[in-house]
1. Name the residues of the stretch 232-264 whose amide N is less than 17 Å from a point 7 angstrom out from the Cα of residue 283 along the C-beta direction?
2. Return 355, 187 ranked ascending by Cβ neighbour count within 10 Å, so the fewest neighbours appear first.
3. Local charge sum around residue 199 (other residues, Cβ-Cβ under 13 Å, Lys/Arg +1, Asp/Glu -1)?
4. Mind checking which of 176, 44, 14 has the largest fluctuation in a GNM of the chain, springs on alpha carbons under 10 Å?
5. Please report the net charge: other residues with Cβ closer than 9 Å to the Cβ of residue 148, K and R +1, D and E -1.
6. Is the stretch 308-375 best put as rounded, prolate or oblate by its Cα gyration tensor, with a ≥ b ≥ c the root eigenvalues, rounded for a/c under 1.5, and otherwise prolate when a/b is larger than b/c, oblate when not?
7. Pull up the cross-link candidates among the lysines for residue 136, meaning alpha carbon to alpha carbon under 27 Å and not fewer than 8 places away within one chain.
8. With 10 angstrom as the radius, rank 42, 147 by how many other C-beta atoms surround their C-beta, starting from the fewest.
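We did not get these values from a lab; they are worked out from the coordinates using the rules stated. Owing to the predicted nature of the structure, the values given are computational and were not obtained by experimental measurement. Glycine gets a Cβ as well: all are built from the backbone with ideal geometry, and neighbour counts include every protein chain shown.
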Amino acid sequence: MAWAAYACDPARSRGRRFAEPPPTGRSEYQRDRDRIVHSAAFRRLEYKTQVFVNHEGDLFRTRLTHSLEVAQIARTVARALALNEDLAEAISLAHDLGHTPFGHAGQDALNACMRDHGGFEHNFQSLRVVDELEDKYAAFPGLNLTFETREGILKHCSEARARTLGALGERFLERRQPSLEAQLANVADEIAYNNHDVDDGLRSRLLRLEQLDAMPLFARHCHDVLVAYPQATVKQQRHETVRRMINELVLDLTENTRRRLAAAALADVEAVRAAPPLVGFSERLAEDNRALKRFLREHLYQQHPVYRMTVKAKRVVRELFGALLEDPRLMPPEFFERARGKEQRYGVAGRARVVADYIAGMTDRYALDEYERLFNPRRLR
Ligand code: MG
């Protein structure tokens, strides 16, 4: 496999936290990808959601299908630009591992609960999952992934936290970029969620086709579909339009990034890190993409049923947190033991962190069940 000079080469990885013999028959980044796919946190993504709560229907995206869509987009662009496809895939599949139940509502609620104990941030939690919380390898904690995959997972980070992270935190302090594969996984994430939220929004009837006409990216593809297929059903119209939107965004991203890479003439990954961000849309598509995000914020995420579910989800997380922090013995014994150990070392913040880890690991339905079990006096277990 030939990579471009600016791509990450697994043979030149900055390595793993715990040294291991090199893999046979696959590259270091393939091994990362395989460990991610075999993790418990990855399987739980099937029952975690972003906008629509898991019990609302089986057809909506979950974080698992979202992560697969991100990986597929990232791999396509990586291959076209001679980046490392395996690394882009590994980062994409792992990027949401630390997400709480109930999407952003859950993350906001947990962050508020943790305000006095160091906060909660899903990116950093994804890193904690792969560095510490997955507990199945005898030789090391977590999944012991390569530096490049871990760097890609940690998209943002405060300066205060960056100072505690050693080599992984350096780029936030020095304001340098991560690898192109990491930059790509980030943009692929955006393409995937904006477009599948349009699709799920229409499917749920929270959005109507006519409303979306105000968005140029949607309007031009919807128009093309109707001209080409005047007899298309609403379902076909929706799918044909969304797939064309994704296609245009992906092609624009590929071509525009290719142009920037050619102009920057980067000799190696170090040059990538020192350069400004290079993976991105052309100005026109960047504006279309911003309009799409604005539209979803105004018309989907604020909708009455979504808003009501958001409020409810936050209450579930808040009340679970309160009860478990007050009495950690309500958690499964291994979490209780861990909470006791962390509390001895870090005080109440240590106990709170274990409660946050426990709640963040829950799927939507587990959180709802656990809420019932804890607070409904008619439920004994
Ligand atoms: Mg995502």
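1. 253, 256-257, 259-260
2. Numbers: 355 26, 187 22.
Arranged by neighbour count, lowest to highest, 355, 187 become 187, 355.
3. Numbers: positive: 61, 203, 205, 235, 238, 243, 244; negative: 69, 197, 200, 240.
So the surrounding residues net to +3.
4. Looking only at 176, 44, 14, the largest GNM fluctuation is found for 14.
5. So the environment of residue 148 carries a net charge of -2.
6. Numbers: a/c = 2.35, a/b = 1.91, b/c = 1.23.
Verdict is prolate for the stretch 308-375.
7. Leaving aside lysines fewer than 8 places away in the same chain, those within reach of residue 136 are 48, 155, 342.
8. Working: 42 21, 147 17.
The order, fewest Cβ neighbours first, is 147, 42.
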